[in-house]
């Protein structure tokens, strides 16, 4: 046992061994969940997961592969194509859905072991690195285990977004042309997978300009990096453009969302949150209404789902700044609150819900507390690192004006767990709490009271609207 421990924690290829170990741990967790949820009334893949999974098979319809076989243009081509590849792997293994699990768990292992430590620029080794990675995986298992179960695009969108940011972060140090090109390609992959990451592209353009203005390089070199980033974005968008030309008679790399953004803005005014209930094999959309927001919309003549645009929301902000700020602050609390470890919720009145809500509050509070007392200032003293963290956060927070689903917070939670597991000095945090015990306890309880009051009032306004 000691020899195995020495080999595991020491010697060469520690990152590779850690990656394999965490991947195997995720496989064990996924197997346990398969056993536990095997007899539940919620089949997998289900609802949106089922749509993705079944439509992905159409790429090879009638025995011939074509991008045009995938029906419609409401979603981008890339994520269904990844599912198609996983199905091919699963069929080769002998169990189709196993291919998806292999693909999906691989990206989470990479995010946990390799990508987030690189983003935070921490170099843990040996036993500490293993403990940090396993803690991260277990936190996801407890609070977000749907990421291991369900076939949704959130994790893959974050994977591509994080990869794009890491490549861009490396571009100003080495191989700027190649890395800028690859970063743009990954930025489009993130956008095509989850359209909200269009804001990632915009934020990265701004980040490139800020970095280039700070660095002493030739104007030609600066412009070349920016152009290559945009070219990379366009290259991966060509298949989408060809599909749009085929279905919509227009050559555009942008995903056709059928004015989904406008609908999201309307829902965001009239409802604080959206969940998907799942029992007896039926998916039901659950909107949590906000009466004050409904009154604001009605008073401004925004009476139907097709009547809201960005300009209308800006006008509402100018006319009712306090009311709109309160509305979107409530959205923010809903976004950060995890009330179920499953994205398809079997029981909206589960007795465990208060535990998950309190747990999600606690890890956000500890994250803020750790950041405040972090004397090493690992983030604040490194401008570029802070900038790239902000790029990811801003691209996620862009969803705040829309109908909030707690799964949208996954990238923020991944960043938080990464900070808690890889950066936080827990001995220092504990000493800080002991030194300021009364103040920390009072602030924690007051913030929790505000948090739980707002979230409870949100839950009290639920109404089922949709049935699939």
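The values are calculated or read from the model by the stated rules, or taken from the named source; none is laboratory data. These numbers come from a predicted model, not from an experiment. Virtual Cβ from ideal backbone geometry, glycine too; neighbours counted across all protein chains shown.
Looking at 314, 308, just one residue is part of a helix (DSSP H, G or I), over 25 Å from residue 36 (Cα atoms), out of contact with any strand residue (DSSP E or B) (no Cβ under 8 Å at 6 or more places or on another chain) and not assigned by TED's automatic domain parsing to the domain that holds residue 240, and that residue is 314. Only one entry of 63, 72, 90 meets the criterion of being modelled with pLDDT under 90 and either in contact with a helix residue (DSSP H, G or I) (Cβ under 9 Å, 6 or more places away or on another chain) or under 29 Å from residue 284 (Cα atoms) (or both), and that entry is 72. Residues in region 324-349 that are over 14 Å from residue 273 (Cα atoms) and exposed (fewer than 15 other Cβ atoms within 10 Å of the Cβ): 325, 347, 349. The helices (runs of 4 or more DSSP H) found entirely in region 395-468 that carry 2 or more residues being in the same structural domain as residue 358 (by TED's automatic domain parsing) and either more than 22 Å from residue 146 (Cβ to Cβ) or without any contact (Cβ under 8 Å) to a residue 12 or more places away in the chain (or both) are 426-435, 437-459. Number of residues in region 383-407 that are over 15 Å from residue 261 (Cα atoms) and surrounded by 16 or more Cβ atoms within 10 Å (Cβ to Cβ) equals 9. Residue under question is residue 180, and the condition is that it be at pLDDT 90 or above, under 20 Å from residue 79 (Cβ atoms) and crowded, with 17+ Cβ neighbours inside 10 Å; does it hold? It is false that residue 180 is at pLDDT 90 or above, under 20 Å from residue 79 (Cβ atoms) and crowded, with 17+ Cβ neighbours inside 10 Å.
The residues of region 123-145 that are over 12 Å from residue 26 (Cβ atoms), part of a loop (DSSP other than H, G, I, E, B) and touching a residue at least 12 places away in the same chain (Cβ under 8 Å), listed by number, are 124, 125, 144.
Would you say residue 306 is modelled with pLDDT under 80 and closer than 22 Å to residue 146 by Cβ? No: the conditions fail for residue 306.
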